[in-house]
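The values are calculated or read from the model by the stated rules, or taken from the named source; none is laboratory data. Here the structure is a predicted model, which means the values were calculated and not measured. When we count neighbours, we look across all protein chains shown, and the Cβ atoms used for this are built from the backbone with ideal geometry, even at glycine.
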Amino acid sequence: MSLFWKESDERGHPSLGTVMRGVVLLAFLLGGWLPSSWANQVWEFVDGEGVTHIGNVPPSAATRGVIWLSRVPPASVVKGKDRGPSALQFPGYDDVKQHLEAAAVAQSLDPAFVIAVAAAESAFNVKAVSRKGALGLMQVMPATAERYGVAARPSSDGEHAAMEPKVNAQIGTRYLADLLRMFDGDKELALAAYNAGEGAVIKYGRRIPPYPETQQYVEKVMRFYRGLLR
């Protein structure tokens, strides 16, 4: 059974596949060919319109010419518990681990939870910028950065100050901590708010909004989080 869907989010943060365009790991997998040993894996690719698709079967001829990105192992059920893929499979983790862990400790959060968010948001790509302007490692919006005292500053490369990995980790983690407090420690509601905005969660009675993109985002982060706790 094919499992294809569109990925984006309500506040303009990119999906994992979108931000990984610059980290094409398997560019030689063109034209719908997959080794038989990978037939049961889940894959992501970005089509010509910039839409991210995910599937668990080889692509049809209609996708010929599409560049495949990273392999994402499927979640498996072990003793009744959903065990997801490890967020540590993505390149760049070793470079940002210290920033994510330090930011988590500073906000009294579980480092694994913060790492899972960063994995879902950018796959640890510190240069990721969404089409709507979400920035860096944890894909923070400029307005969110300014809320926590980080405004844009001129630089030789023209980057926003929030693109610096350590600063980005701090901003995203502070926002995540505030959302957890707002929603009484409920991780899934905090994730939904991180993705779609706190207003959307409140609008729908402090529940995950009925947006497929947001629901998929929450599920993805929680799979990564459970994978890190194994």
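Some points to look at:
- Within the range 194-223, the set of residues being closer than 18 Å to Ser122 by Cβ and not polar (S, T, N, Q) comprises Tyr194, Ala196, Glu213, Tyr217, Val218, Glu219, Lys220, Val221, Met222, Arg223.
- Every condition in (1) surrounded by fewer than 18 Cβ atoms within 10 Å (Cβ to Cβ); (2) more than 18 Å from Gln139 (Cα to Cα) holds for Ile208 except the one numbered (1).
- Restricting attention to the range 210-221, the residues that are part of a helix (DSSP H, G or I), more than 15 Å from Leu109 (Cβ to Cβ) and in contact (Cβ under 8 Å) with a residue 24 or more places away in the chain total 7.
- The condition of being crowded, with 19+ Cβ neighbours inside 10 Å and either farther than 18 Å from Leu109 by Cα or of a type in the set (Ser, Thr, Tyr) (or both) holds for only one of Ala134, Ala151, that being Ala134.
- Hits in the range 184-205 - residues which are crowded, with 21+ Cβ neighbours inside 10 Å and either more than 15 Å from the chain's Cα centre (by Cα) or β-branched (Val, Ile, Thr) (or both): Leu189, Val201
- Filter pass, Lys166 being surrounded by fewer than 19 Cβ atoms within 10 Å (Cβ to Cβ), modelled with pLDDT of 95 or more and of a type outside the set (Asp, Glu): yes
- Extreme residue, modelled with the lowest pLDDT, among residues of the range 79-96 that are under 16 Å from Met138 (Cβ atoms) and crowded, with 16+ Cβ neighbours inside 10 Å: Ala87
- Filter result for Leu100 (modelled with pLDDT of 95 or more, closer than 24 Å to Leu229 by Cα and in contact with a Leu (Cβ under 9 Å, 6 or more places away or on another chain)): yes
- His160 fulfils the conditions (1) over 18 Å from the mean Cα position of the chain (by Cα); (2) surrounded by fewer than 14 Cβ atoms within 10 Å (Cβ to Cβ); (3) more than 19 Å from Phe224 (Cα to Cα) except for a single criterion, (2).
- Unmet requirement for Val114, which otherwise passes all of (1) β-branched (Val, Ile, Thr); (2) over 25 Å from Arg230 (Cα atoms); (3) at pLDDT 90 or above: (2)
- Out of Asp178, Asp157, sole residue that is modelled with pLDDT of 95 or more and assigned by TED's automatic domain parsing to the domain that holds His99: Asp178
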